[in-house]
Amino acid sequence: MKIKRDKLDILFSQYIRARDKNCQRCGGGSGLQTSHFHGRRKRSTRWHPNNACLLCFGCHMHFHANPLEHTEYFKNRLGQEAFEKLRWQAETIVKIDRKLIKLDLKQELEKIRRLENGHIVQ
């Protein structure tokens, strides 16, 4: 069953695209997709910035076909401690405050946009 995307998913994708700019594996800039390490069904990490990166279609499919390489990639990307914390969070049932997540993502996206426009961000 396909997981339905909502406005928060779209905002999260906009944030990941602004943060990462290009494919984080090969550096390419076309066919970009927000790739989640822990699937979107796990709501505890669905919108967590450490749980996603920008990948081109080819790299995204490569990682789906090579899950051990995908795991090693995220371990190296995050570092062992952050990777384990994310894994723990993915396996924990937590109440999600969608309004707070939305507010945080909007603030982070605004910081990125200000930096891109040459403004000092505090």
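Looking across the stretch 49-99, the residues that are closer than 20 Å to GLN24 by Cα and not in a helix (DSSP H, G or I) come down to ALA52, CYS53, LEU54, LEU55, CYS56, ASN66, GLY79. Residues that are touching a strand residue (DSSP E or B) at 6+ places or on another chain (Cβ under 8 Å) and aromatic (Phe, Trp, Tyr) were ranked within the stretch 11-62; the one that is farthest from LEU78 (Cα to Cα) is PHE57.
Conditions (1) buried (at least 17 other Cβ atoms within 10 Å of the Cβ); (2) touching a His at 6+ places or on another chain (Cβ under 7 Å); (3) at pLDDT 95 or above; (4) β-branched (Val, Ile, Thr), marked per residue:
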residue	(1), (2), (3), (4)
ASN22	no, no, yes, no
ALA52	yes, yes, yes, no
THR71	no, no, yes, yes
PHE83	yes, no, yes, no
TRP88	no, no, yes, no
THR92	no, no, no, yes
ASN117	no, no, no, no
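In the stretch 15-32, the qualifying residues are those that are under 10 Å from the mean Cα position of the chain (by Cα) and of a type outside the set (Lys, Arg), and the one that is farthest from ARG5 (Cα to Cα) is ASP20. The condition of being surrounded by 10 or more Cβ atoms within 10 Å (Cβ to Cβ), at pLDDT 95 or above and touching a helix residue (DSSP H, G or I) at 6+ places or on another chain (Cβ under 8 Å) does not hold for LEU103.
The values are calculated or read from the model by the stated rules, or taken from the named source; none is laboratory data. Here the structure is a predicted model, which means the values were calculated and not measured. As a convention, Cβ positions derive from the backbone with ideal geometry for all residues, glycine included, and neighbour counts pool all protein chains shown.
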